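The next block holds one structure in the form of structure tokens; read it before the comments.
The numbers here are math on the coordinates, done by the rules we state, and not lab data. Because the structure is predicted, anything quoted here is derived from the model rather than measured. Every residue, glycine among them, receives a Cβ derived from its backbone with ideal geometry; neighbour counts consider all protein chains shown.
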Amino acid sequence: MTLPEVVIAVAILTIGLLAVVGMLSSGFSNVVIGGGESKATSYARQKLEELKNRCYCAATAFPASTGTDAPEAGVTRSWTVTQAGATTAPNRLSQITVTVTWTSGSSATGGQQVIMQTMRAE
């Protein structure tokens, strides 16, 4: 082999290895983001089920509520329960909205959100 052939072979290998390294770092960040999204979806579903199972205790009082909590560090969960339309007892409807906001390990992606909504009949 001559020197020019070796230089060309090394250049081709270098370009290939750089492409592989770029794909690995991109794949890792996608896995981190996907894990955070999966966890946030789980937290949102948990709160949604809790709010859907809440009782309409009094016949005249509508159980509207809002609130926030932090199920773990870096994760904030907020919710609202509002009356949907001009419905009256015993046919009241509630609209439940749960928003989970979290930050991934990378500051480049910033904060991310998962928002879930559902309706509940009395």
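Quick notes on this structure:
- Chain lengthening between residue 55 and residue 73 when straightened (0.36 nm per residue, less Cα-Cα): 3.5 nm
- Note on residue 18 and residue 115: with the Förster distance fixed at 41 Å, the Cβ-Cβ geometry gives a FRET efficiency of about 0.60.
- Most tightly packed first, judged by the mean number of other beta-carbon atoms within 10 Å of their residues, the peptides 91-99, 13-21 read 91-99, 13-21.
- Matching the structure-derived Rg and Dmax of the Cα atoms in Å against the labelled list (1) 14.9, 50; (2) 25.1, 92; (3) 23.8, 94 gives the label (2).
- Spin-label model, residue 80 to residue 25: label points 7 Å out along the Cα-to-beta-carbon direction sit 4.1 nm apart.
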